[in-house]
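The numbers here are math on the coordinates, done by the rules we state, and not lab data. Everything quoted here is computed from the prediction, not taken from an experiment. Reconstructed Cβ throughout: ideal geometry from the backbone, glycine too, with neighbour counts over all protein chains shown.
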Amino acid sequence: MIRLVPFMLGAHEALVGPVVACLERTFGERVEVRDPGFDPAAALDERRGQYDSRRFLRLLLDDAHDAPRVLGMTGVDLFIPVLTFVFGEAQLGGRAAVVSTFRLRSEPYGIVSPPERLLERAMKEALHELGHTHGLVHCDLADCVMRSSTYVEDIDAKPARFCVDCARGVAPPGAASA
Ligand SMILES: [Zn+2]
Ligand SMILES: [Zn+2]
């Protein structure tokens, strides 16, 4: 079971349903959507005007202490101290991950892209960060969602699926392995 916690998504709330369907399809697990039991404002860094993704991971872990895996999905701008921004973050081999749609939009770059582009990007980021919680590191294959992404163009270039090797790493326990 994966718990998905949407918060401060604004107009991107509509992405939750399709992302849930994508995760259930890919991981073969039930996804339950829950409101956050924490105040997201606690992760705001007032100086940067951005939200600390590590603080969100801790808030999500405490909030979902009874869930085997938790994914936060937000519309606010995330950072980790050494980087300008991150699309998302996860505990490698842990329980918590968070993704943001903030940097997935094309509008800030003056580009008009079809609305489904944003959904595709959000799905890929959700799969990618949850892949990290399964212990997967970045994959060199172009045909794998675990390839690292610095720019949205990198996200667009990779598919919304795991390569054969990475898929084995996220298979539910008891799944037949080839
Ligand atoms: Zn990554
Ligand atoms: Zn891979």
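Taking into account only those residues within region 125-139 that are away from ligand 1 (no atom under 11 Å from the Cβ) and among the small types (Gly, Ala, Ser), which is farthest from Asp156 (Cα to Cα)?
Gly135
Please state which of the following conditions Cys139 fails to meet, knowing it meets all the rest: (1) touching a helix residue (DSSP H, G or I) at 6+ places or on another chain (Cβ under 7 Å); (2) of a type in the set (A, V, I, L, M, F, W, C); (3) in a helix (DSSP H, G or I).
(3)
Please tell me if Leu59 is closer than 20 Å to Glu32 by Cα, surrounded by 11 or more Cβ atoms within 10 Å (Cβ to Cβ) and free of Cβ contacts under 8 Å to residues at least 24 places away in the same chain.
yes
The rows are residues; the columns are (1) closer than 20 Å to Cys166 by Cβ; (2) assigned to a loop (DSSP other than H, G, I, E, B).
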residue	(1), (2)
Leu59	no, no
Asp62	no, no
His65	no, yes
Met73	no, no
Pro81	no, yes
Gly94	yes, yes
Ala97	yes, no
